[in-house]
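These notes concern the structure reproduced below.
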Amino acid sequence: MSEYMVSVLSLICIESFVALSTYLLLITGQISFGQQAYFGIGAYIGAIWTAMLGLDLSTAILAGAIIAGLVAAGVGLMAFRLGGLYYAIATLAFSELVRQIWINLIYQVPVAGFEVGPKGAEGFKDIRYVIENDISAIQYLGLIALCLGIVLIFFIVLERSRLGLSLRMVENEETAAASVGINPVAYKIAAAAIAGAIAGIGGVLFAHFMTFIDPRNFGVMLGVHSLAYGMIGGLGTFLGPLIGVTIDIGLLESLRVFSGYRMIVFGSLVALILIFRPRGLLDEKTVHRFFQWVRKRLDNPRRGGSLVDDV
């Protein structure tokens, strides 16, 4: 596999963390434009952890997830009572506040004769853990894929659990959910904390993949894209956001002739899908039909027919 392909696959996997983070909030009925804030928190915490404190990457990933998750829970506690458009605006405002903190944060310490640490708008350089530990690009892709696999296992369990059902009930009808003993705000805060932790993991991995982070990496467009990934791929399953990321980075990267028009192509694609499939390519109805078809095939494997015919 070429270095270029490894780099593209690594970026797809890393962006998938932000996409899944936003998706988890979407299935509770909340639109967030601010998941890039937790992605950035994870990136800076991870960079400080390894480059400045000299600790290992595995604990950096854990620290980034925990701190980003706690911050997300705190923001959710304050903002979820707003609901709807007000919550979306609050998340956007918070993300910009965090980005301004990175722009103005200057804190460096001497490491091996060099000043290392965040330097305001100039960013955070010399995040060299991967290089210093002779981790190859393909090995690092394996680490990213392992972390993403663990997150995907969590979503598989979630979609078959009482918690997952409760989150979708909160999205569909908060009053009905409350009538059966579900506290909508508590479930939303829990979802926000988990979503923040997932974004934080992606941020740590991103910082060590790039070896340099800039406050501009965590701007509003990352939040818009992460939201669009779920809307493109579909909200019926956690695979939807992964499809959205693959279409954005993978497909458009392979068609480099459109690189100068990426935002036009991507925006047009989002608009078309929202018009014809408001819940995305893999919406709840499509996923339900697919599993119905699978069950029928398992019950009667010799029976002919297509997925459409069975439904």
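The values are calculated or read from the model by the stated rules, or taken from the named source; none is laboratory data. Model, not experiment: these values are computed from the prediction. Backbone-built Cβ (ideal geometry, glycine too); neighbour counts: all protein chains shown.
Residues are listed down the side, and each one gets a yes or a no for (1) closer than 30 Å to F290 by Cβ; (2) surrounded by fewer than 24 Cβ atoms within 10 Å (Cβ to Cβ); (3) in contact (Cβ under 8 Å) with a residue 12 or more places away in the chain:
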| position | (1), (2), (3) |
| --- | --- |
| N183 | no, yes, no |
| L235 | yes, yes, yes |
| F238 | yes, no, yes |
| I243 | yes, yes, yes |
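Are any residues in region 85-126 assigned to a strand (DSSP E or B) and over 28 Å from L25 (Cβ atoms), and if so, which ones?
As a first pass, look at region 85-126 and keep what is assigned to a strand (DSSP E or B): 106, 109-111, 114-116, 118-119, 124.
Once the filter is applied, which keeps residues that are assigned to a strand (DSSP E or B) and over 28 Å from L25 (Cβ atoms), region 85-126 yields I106, V109, P110, V111, F114, E115, V116, K119.
Scanning for something within 23 Å of N183 (Cα to Cα) and not hydroxyl-bearing (S, T, Y), does region 98-116 turn up at least one residue? Among the residues of region 98-116, not one is within 23 Å of N183 (Cα to Cα) and not hydroxyl-bearing (S, T, Y), which makes the answer no. L167 passes every criterion in (1) closer than 30 Å to L55 by Cα; (2) surrounded by 15 or more Cβ atoms within 10 Å (Cβ to Cβ) apart from (1).
The lone criterion from (1) modelled with pLDDT of 85 or more; (2) touching a Lys or Arg at 6+ places or on another chain (Cβ under 9 Å); (3) β-branched (V, I, T) left unmet by V185 is number (1).
Of all residues in region 77-116 being among the small types (G, A, S) and under 17 Å from the mean Cα position of the chain (by Cα), which is surrounded by the most Cβ atoms within 10 Å (Cβ to Cβ)? I'd like the intermediate steps shown before the answer.
As a first pass, look at region 77-116 and keep what is among the small types (G, A, S): 79, 83-84, 88, 90, 93, 95, 112-113.
Going one step further and asking which of them are under 17 Å from the mean Cα position of the chain (by Cα), we end up with 88, 95.
Numbers: A88: 19, S95: 25.
Looking at the filtered set, the residue picked out is S95.
Give me the pairs: first residue in region 148-169 and over 15 Å from I27 (Cα atoms), second residue at pLDDT 80 or above and of a type in the set (A, V, I, L, M, F, W, C), beta-carbon distance under 6 Å, and six or more apart or on different chains, which are they? Cβ pairs passing all conditions: L148/C13; V151/I198.
On the stretch given as region 127-143, residues that are touching a Ser or Thr at 6+ places or on another chain (Cβ under 6 Å) and in a helix (DSSP H, G or I) total 2. For region 37-54, the criterion of being in the same structural domain as A192 (by TED's automatic domain parsing), without any contact (Cβ under 8 Å) to a residue 12 or more places away in the chain and either surrounded by fewer than 19 Cβ atoms within 10 Å (Cβ to Cβ) or more than 27 Å from A112 (Cβ to Cβ) (or both) is satisfied by at least one residue.
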